[in-house]
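Working notes for the structure below.
Just so you know, all these numbers are worked out from the coordinates, no wet-lab data involved. Computed from a prediction, not measured in an experiment: that's the story for all the values here. Heads up, the Cβs are rebuilt from the backbone with ideal geometry, glycines too, and the neighbour counts pull from every protein chain shown.
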Amino acid sequence: MEIHRNGRPVILTCKEFKTLAYLIKNPRRVISRDELLNEVWGYESYPCTRTVDNHILKLRKTLETEPAHPKHFHTVRSSGYKFLP
């Protein structure tokens with residue numbers, strides 16, 4: 001579980017890496033927060049979908065050139081997230 005950006009290693013937590021991997025395996029498809037929780041965390045009962053939002057925010061800050069204007073990690077209002085390679 002290792003990724004690089006501009007030739008340098010990027011440190012991600014296990015869940016951040018799994019979230020990224022799931023998004024990469026499902027490019028251009030809107031993925032709901034519930035689906036990400038089920039697929040990455042592996043359970044269906046959880047207190048809040050903000051967990052996913054926080055992981056996406058961390059991925060943006062870590063991997064996007066301009067996190068405030070993401071090119072790869074897009075929020076789809078009221079639906080979830082979409083990854084554009």
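If the segment from Val10 to Lys58 were pulled out straight at 0.36 nm per residue, it would be longer than the present Cα-Cα gap by 16.1 nm. Considering only alpha-carbon pairs that sit under 8 angstrom and 6 or more positions apart, the relative contact order computed for the chain is 33 percent. Axis of helix 14-25 versus longest Cα principal axis of the chain: the two differ by about 90°, to the nearest ten degrees.
Charge dipole of region 25-85 (Cα centre as origin; +1 on each Lys and Arg Cβ, -1 on each Asp and Glu Cβ, all else neutral): 240 debye, rounded to the nearest 20.
Counting only alpha carbon atoms, the long axis of helix 50-63 and the longest principal axis of the chain meet at about 10°.
Short to long, the 10 Å bins of the Cα pair-distance histogram for region 3-83 hold 18, 56, 24, 3 percent of all pairs.
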